[in-house]
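Here the structure comes first, spelled out in structure tokens, and everything after it is commentary.
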Amino acid sequence: MTTISLKNIVKKYGDLEVVHSINLEIKDAEFIVLVGPSGCGKSTTLRMIAGLEEITAGEVMIGTRVVNNILAKDRNIAMVFQNYALYPHMNVFNNMSFSLKLQKVPKPEIKERVNNAARILNIEELLNRRPSELSGGQRQRVAMGRAIVRNPDIFLFDEPLSNLDAKLRTQMRVEIKQLHQRVKNTIVYVTHDQVEAMTLGDRIVVLKDGRIEQVGDPIELFQNPVNTFVAGFIGNPPMNLIDGTITKNGENLKISFPDGFKLPIPDKPDAKINEGQPIVMGLRAQDIFLEEGSNDIPEDWKFDAEIIVTEPLGSETYMHLDVGGLKITGKCEGRRVVHPNEKIKLTFNLNHLHIFDAASTKSVY
Ligand SMILES: Nc1ncnc2c1ncn2[C@@H]1O[C@H](COP(=O)(O)OP(=O)(O)OP(=O)(O)O)[C@@H](O)[C@H]1O
Ligand SMILES: [Mg+2]
């Protein structure tokens, strides 16, 4: 059972506190992703779990054992970094078996473990090559192989794919996911790329400025972001986030935008919004689409709009739109050809409307 538990973890460099009392329970065999912008404390947190960085305050537990004072080499953890630095003068087999030789593991067992890892990673043919004779993706796999042969309880990854080109990254993502499905170790994976986080993680931890903003599975974070930061960070393109004010129109609450545009707010029992409140409206591009005569959408969720710029991606096209002065991004099916300056009728699916309080940035609807 390899659970990891972070209890009020603090990291200070001198007087500068960079990780502020983080609490997190990681389950056995869970694939957890730490994601956030540069400098938010992802690597520092990972390195405290690994034992490469002293913990200023709080407790790290692996399984039932507090590991604060246990050396990195005694935590049975394998870490794969962005700069995986293979030994250039050794072939793949020797690179992968190096740590086992140091541990004086018997030769036949070394051979078996390396071959096993090579099979998992599909690099059996490459065992006699040197790193200079490998592609970037193959080198990355060797670096992972080096970690796998050690048979660790926990894998820690720190942006392992950021040196690879986009296509290779997509391919390696699938391989890492398959690896996890096969070996079922606990994995903590750091990235600043929200797509990587969404595609890999069983759960995602969104960090900002050394604090956890939200923890949840990918779809939970996408559908129910707790604040504007998570709403804007998770999902591509980012959620439309637009300043407005709650106003009243007879009995019904609406959102009024500075340029005069108004949006109805569907009734919701647990909404914490009041007339006059400054808010940020959130709606994803996928919920703003061409009106095609769909019957189950109320008439007052349909608006005249003008297309400003189109971004065709093949499977879908993003449309940068002007809706009565409101600048917003919508989406249409890739085969539907749309043009700049085209006047269109739009549907806003307000069943997926988000409202955040402008002052606290927290979700209030
Ligand atoms: N040795 C150090 N001394 C002082 N400050 C440090 C040290 N190492 C990191 N920091 C600071 O701690 C904060 C967190 O750094 P960390 O490396 O954990 O960020 P990160 O989230 O991994 O960012 P990136 O995505 O750029 O790798 C940053 O503000 C960084 O400047
Ligand atoms: Mg980092």
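The values are calculated or read from the model by the stated rules, or taken from the named source; none is laboratory data. Note that the structure is a prediction, hence the values are computed from the model and not measured. Here the Cβ is made from the backbone with ideal geometry for all residues, glycine too, and neighbour counts use every protein chain on show. Calculation scope for accessible area: heavy atoms of the full protein, side chains included, ligands and nucleic acids excluded. Shrake-Rupley method; radii C 1.70, N 1.55, O 1.52, S 1.80 Å.
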Of the residues in segment 130-154, those that are outside any helix (DSSP H, G or I) and out of contact with any His (no Cβ under 8 Å at 6 or more places or on another chain) number 8
Within segment 159-179, can you find the residues that are more than 16 Å from ligand 1 (Cβ to nearest atom) and either touching a Phe, Trp or Tyr at 6+ places or on another chain (Cβ under 6 Å) or hydroxyl-bearing (Ser, Thr, Tyr) (or both)?
THR170
When you go through (1) closer than 24 Å to VAL60 by Cα; (2) hydroxyl-bearing (Ser, Thr, Tyr); (3) surrounded by fewer than 16 Cβ atoms within 10 Å (Cβ to Cβ) one by one for TYR189, which number turns out not to apply?
(3)
Residues that are more than 16 Å from ligand 2 (Cβ to nearest atom), basic (Lys, Arg) and more than 13 Å from the chain's Cα centre (by Cα): find the strands (runs of 3 or more DSSP E) completely inside segment 155-249 holding 2 or more of those.
none
Regarding VAL338, is this residue surrounded by 12 or more Cβ atoms within 10 Å (Cβ to Cβ) and at negative phi?
yes
For segment 6-19, which residues satisfy the criterion of being open to solvent by 10 Å² or more (accessible area, probe 1.4 Å), part of a strand (DSSP E or B) and more than 7 Å from ligand 1 (Cβ to nearest atom)?
LYS7, ASN8, VAL10, LYS11, LYS12, GLU17
Per the filter on segment 202-222, residues open to solvent by 10 Å² or more (accessible area, probe 1.4 Å) and either touching a helix residue (DSSP H, G or I) at 6+ places or on another chain (Cβ under 8 Å) or closer than 23 Å to VAL10 by Cα (or both) are ARG203, LYS208, ASP209, ARG211, ILE212, GLU213, GLN214, VAL215, PRO218, PHE222
Those residues of segment 1-59 which are among the acidic types (Asp, Glu) and in contact (Cβ under 8 Å) with a residue 60 or more places away in the chain amount to GLU17, ASP28, GLU30
Conditions: (1) touching a residue at least 60 places away in the same chain (Cβ under 8 Å); (2) crowded, with 20+ Cβ neighbours inside 10 Å; (3) more than 27 Å from THR329 (Cβ to Cβ). ARG141 meets all but one. Number of the miss?
(1)
ILE297 versus (1) part of a strand (DSSP E or B); (2) of a type in the set (Val, Ile, Thr); (3) surrounded by fewer than 19 Cβ atoms within 10 Å (Cβ to Cβ): which is the lone unmet condition?
(1)
Output for segment 250-265, where each listed residue is surrounded by 12 or more Cβ atoms within 10 Å (Cβ to Cβ) and free of Cβ contacts under 8 Å to residues at least 24 places away in the same chain:
ASN252, LEU253, LYS254, SER256, LYS262
Among the residues of segment 100-123, how many are part of a helix (DSSP H, G or I) and surrounded by fewer than 16 Cβ atoms within 10 Å (Cβ to Cβ)?
10
Given the structure, is GLY330 in contact (Cβ under 8 Å) with a residue 60 or more places away in the chain, within 26 Å of THR228 (Cβ to Cβ) and either of a type in the set (Gly, Ala, Ser) or surrounded by fewer than 12 Cβ atoms within 10 Å (Cβ to Cβ) (or both)?
no
Here are ILE148, ILE123: which of them is closer than 24 Å to THR45 by Cα, in contact (Cβ under 8 Å) with a residue 24 or more places away in the chain and away from ligand 1 (no atom under 16 Å from the Cβ)?
ILE148
